[in-house]
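First the structure, in the form of structure tokens, and then the observations on it.
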Amino acid sequence: MPKRVRIRCINKTDRRNAHESIKNVGGVNSDGTRWKLSVKKTIRDLESREWEYYVEESGVTVEVIVATDGRNKYIKTTVDGIQPDNLLSLPECP
């Protein structure tokens, strides 16, 4: 059974540009400490099926998945109809 973790923040390569990529994701552990992972590590975790990541917005939970643009892998949420993209609109990780 994979471990489920909520992503609560991100770091983008250029925070002001909506089309720039995410370089880190982060959240809060059950003991209140913060965690942060690179997107490369997050992709490895997802592909290993040992971990599942999700985003929650206004009580709606959506899964984070691995996608590809044909050359590069990246993460995104499953289609949820929320605009703007709920992963890209998360606050900046400290």
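Look through ASP69, ASP45 and report the one residue that is without any contact (Cβ under 8 Å) to a residue 12 or more places away in the chain, of a type in the set (Asp, Glu), farther than 15 Å from PRO91 by Cα and open to solvent by less than 70 Å² (accessible area, probe 1.4 Å). Outline the logic, then answer.
Working: ASP69 fails: open to solvent by less than 70 Å² (accessible area, probe 1.4 Å).
Of ASP69, ASP45, the one residue that is without any contact (Cβ under 8 Å) to a residue 12 or more places away in the chain, of a type in the set (Asp, Glu), farther than 15 Å from PRO91 by Cα and open to solvent by less than 70 Å² (accessible area, probe 1.4 Å) is ASP45.
TRP35 passes all but one of (1) assigned to a helix (DSSP H, G or I); (2) under 17 Å from PRO94 (Cα atoms); which number fails?
(1)
Limited to region 19-38, what total is found for residues that are at pLDDT below 95 and of a type in the set (A, V, I, L, M)?
Here the count works out to 1.
The values are calculated or read from the model by the stated rules, or taken from the named source; none is laboratory data. As the structure is a computational prediction, the values presented were derived from the model and not from experiment. In this analysis, Cβ positions are derived from the backbone assuming ideal geometry, glycine residues included, and neighbour counts consider all displayed protein chains. When the accessible area is computed, the model is the full protein with side chains, heavy atoms only, and any ligands, DNA or RNA have been set aside. Shrake-Rupley method; radii C 1.70, N 1.55, O 1.52, S 1.80 Å.
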